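Working notes for the structure below.
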Amino acid sequence: LAGEPPTGTITLATIRFHAITETLDSCTPITFVFTPPRETDVVYEAQSVLDAHTDGCATIEGGACITGTVTLQGRPEPPDPSWSIPATFTLYPPGGDTPTDTFTPTADESGTFTVCEITPATYDLCVKNAHTLSNKKPNVEITPGPNSIDFGTLREGDTNDDDCVNITDFSFLRLSFAKCAGDPEFNPGAD
């Protein structure tokens, strides 16, 4: 109803901190201040609606690193320079469509890449190359420190990078067939 403050559990703000160091055996206090000049308050229609508060404590854990491995089709056995490919690595909340983070690592000559500074949590993980279909791993718990994940084979054929293989991709392949880099109509996504 108009004029009445919202009730229940709601998110008023999200505050992100940049941790300088881990706090393994203790926590960092978070204190709300109720005296001027820097007073913590929640106001709705010019009236304070914060009638109680609870100070808190934050424990800073180390970040996580993910070492991912992909297998590539149509390449010589690794290690080989043709396995060193750019990738897009995306983290999603479980079941969500909006990315939490996106990274652009380059795989090494064995199809392995590493990304760090990830907040430990449970994610849906997705990896893709510009001319492959993506591979997604749902509900993966990422813990502080190193995490190793095999993403399996990245399937070739997505010449236009839309994460779908259809007649459009075949058309690009047909136009680029038997062409080499530098030739007119050569498409590296169809190579």
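The values are calculated or read from the model by the stated rules, or taken from the named source; none is laboratory data. Computed from a predicted model, the values in this text were never measured in an experiment. We place every Cβ from the backbone using ideal geometry, glycine too, and count neighbours over all the protein chains shown. Note: areas computed on protein heavy atoms with side chains; ligands, DNA, RNA excluded. Shrake-Rupley method; radii C 1.70, N 1.55, O 1.52, S 1.80 Å.
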Checklist entry - Which condition does His53 not pass, out of (1) modelled with pLDDT of 75 or more; (2) open to solvent by 80 Å² or more (accessible area, probe 1.4 Å), if it passes all the others? => result (1)
Checklist entry - From Asp169, Asp158, Asp124, Asp150, which residue is open to solvent by 20 Å² or more (accessible area, probe 1.4 Å) and either at pLDDT 85 or above or more than 30 Å from Thr7 (Cβ to Cβ) (or both)? => result Asp150
Item to check | Options Pro144, Pro184, Pro188, Pro105; residue that is surrounded by 12 or more Cβ atoms within 10 Å (Cβ to Cβ) and modelled with pLDDT under 95 | outcome: Pro144
Checklist outcome for this item: From the option list Pro99, Pro78, Pro94, single residue qualifying as over 30 Å from Glu185 (Cβ atoms) and in contact (Cβ under 8 Å) with a residue 40 or more places away in the chain is Pro94
Checklist entry - What number of residues in region 135-164 are touching a residue at least 40 places away in the same chain (Cβ under 8 Å) and assigned to a loop (DSSP other than H, G, I, E, B)? => result 3
Checklist entry - When you scan region 73-95, how many residues do you find that are part of a loop (DSSP other than H, G, I, E, B), aliphatic (A, V, I, L, M) and closer than 20 Å to Asn147 by Cβ? => result 1
Checklist entry - Across region 56-70, what is the total count of residues that are open to solvent by 30 Å² or more (accessible area, probe 1.4 Å) and either touching a helix residue (DSSP H, G or I) at 6+ places or on another chain (Cβ under 9 Å) or closer than 20 Å to Pro146 by Cα (or both)? => result 7
